[in-house]
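Comments concern the structure below.
The values are calculated or read from the model by the stated rules, or taken from the named source; none is laboratory data. This one's a predicted model, so the numbers in the text were calculated from it and none came from an experiment. Every residue, glycine as well, gets a Cβ built from its backbone with ideal geometry; the counts of neighbours run over all protein chains shown.
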Amino acid sequence: MRRLFQLVLVLGVLGAASHFALTRTPEATAPSGLSIIEESKNPWTKKELNNKANSFQFAIVTDRTGGHRPGIFQKAVDRINLMQPEFVVSVGDLIEGYSEDPGAWALEWAEFESHINALQMPFFLCVGNHDTSNVPMSNEWKRKFGRTYYHFRYRDCLFLVLNSEDPPCTKEIDFQFSEAQQRWVAQTLAENKDVRWTYVFMHKPTWTYPKADLVKLGWQAIEDSLQGRKYTVFAGHKHEYGKFIRKGMEYYMLATTGGASKLTGIADGRFDHFVWVTMKDEKPVVANVLLEGVESSDVRKGVITPPPAPAPAAAAPKK
C-alpha cells in the first residue's frame, strides 16, 4: 500500500510539472520590445503592438488670421506640445498682412514667431495670401525665410509645401502658380519616385473654385505631375472644413486655428482644430483634434487626497 501511495505521488508531481510547462512559458522580449509572461490564456488581445518602424505622426495647423481671435493659436501650440508630434506643418495665413507698412509687418511677424518658438518640435511655414499680400510683403517673406515653396523627405515620404500666391494675387485672380514653380514640382516629383507617400500643402483649395481656369493658373500642371503616385492634399483659406475625393485621392480643406470664424460647429465645418496625421505602412490616418478636446494633466487643480480619518478613541473601561 505504501509503495502504491508513493507511485501515485510521483506521478502526480510529474503531471503537475508537465502541466506547468505547457501553460507557462518563460518571459521573452519580442522584436517590438514587449516583455511579458505568456500563458495558455492571457488577459490581452493577440494583435501586434502598434509601433511599426515606418510609422510616425505630425500635426497641421490652419488659418489663424483674416480677423484672428487672440489666444486661440497659442492654445493650439500648448495642445500640440502636449501631444508631441514629430513636427508641425502650416497651410498659411500666419499674419494679418495686407499692409505696405514695414513696421506693421515687423510687429505681426514678431507676434507670430513668439508662438511657434514655443513649439517643442520643428514648424514648417507655408505662404498664405495674408502673408504675401503684395509685392513688398512677398519680398519681406524672402528676406526673412528665403524660399516661398520647398520640399523635404521624412521616413520615405515626400512633403511638398507650395505657394498658391506666386506671384501675389489680385482681386480678379483666385490663386496662381508660376511656371517656375510648376517646373520645380515636376522635377522634384521626378527625383523622388521612390517615396511611399506624397503630402502636398498649400494655402488655397484650388479644386473648390468652379470658375477658375486650372490650366492658366498653373494648378492643372501640378496636379498632372502628381498622377500615378499616392498622395494627400491639405489646404485652408476658406475657414470651413471639407474632405474631398478627387482623382481617387483625399483632398482636405481645413477650418481654422484661431482665424475668423462663426464657429457654428462640426455640421457647418466651422470650428477650431489642428490635424493629426499618423503615417502607417499602407496609408495615412487623418484625425481632427478640436482644441477643446485636449487638456493637460492639470485639467483639475487643487484635488488632494484627504488623509485617513483618525481611528476612534477607545472607550474608557467601566469601573
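Structure above, values below:
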item: Yes/no for residue 84 being touching a residue at least 24 places away in the same chain (Cβ under 8 Å), of a type outside the set (D, E, K, R) and loosely packed, with under 12 Cβ neighbours inside 10 Å; result: yes
item: Single unsatisfied condition, residue 219 versus (1) under 22 Å from the mean Cα position of the chain (by Cα); (2) surrounded by 15 or more Cβ atoms within 10 Å (Cβ to Cβ); result: (1)
item: Identity of the residue in the stretch 135-150, free of Cβ contacts under 8 Å to residues at least 40 places away in the same chain and surrounded by 18 or more Cβ atoms within 10 Å (Cβ to Cβ), that ends up nearest to the chain's Cα centre (by Cα); result: 149
item: Test: residue in the stretch 150-165 that is farther than 30 Å from residue 192 by Cβ, touching a Leu at 6+ places or on another chain (Cβ under 7 Å) and at pLDDT 95 or above; result: no
item: Residue in the stretch 63-73 that is assigned to a strand (DSSP E or B) and touching a residue at least 60 places away in the same chain (Cβ under 8 Å) present; result: yes
item: Options 254, 263; residue that is closer than 20 Å to residue 68 by Cβ and either touching a helix residue (DSSP H, G or I) at 6+ places or on another chain (Cβ under 6 Å) or without any contact (Cβ under 8 Å) to a residue 24 or more places away in the chain (or both); result: 263
item: Selected residue (criterion: farthest from residue 201 (Cα to Cα)) from residues of the stretch 26-65 that are touching a Gly at 6+ places or on another chain (Cβ under 8 Å) and at pLDDT 90 or above; result: 65
item: Number of positions in the stretch 167-192 that are among the charged types (D, E, K, R) and closer than 23 Å to residue 152 by Cα; result: 3
item: Filter result for residue 94 (surrounded by 20 or more Cβ atoms within 10 Å (Cβ to Cβ), touching a Lys or Arg at 6+ places or on another chain (Cβ under 8 Å), modelled with pLDDT of 95 or more and on the phi < 0 side of the Ramachandran plot); result: yes
item: Residue list for the stretch 232-250, filter: buried (at least 21 other Cβ atoms within 10 Å of the Cβ) and of a type in the set (Phe, Trp, Tyr); result: 234
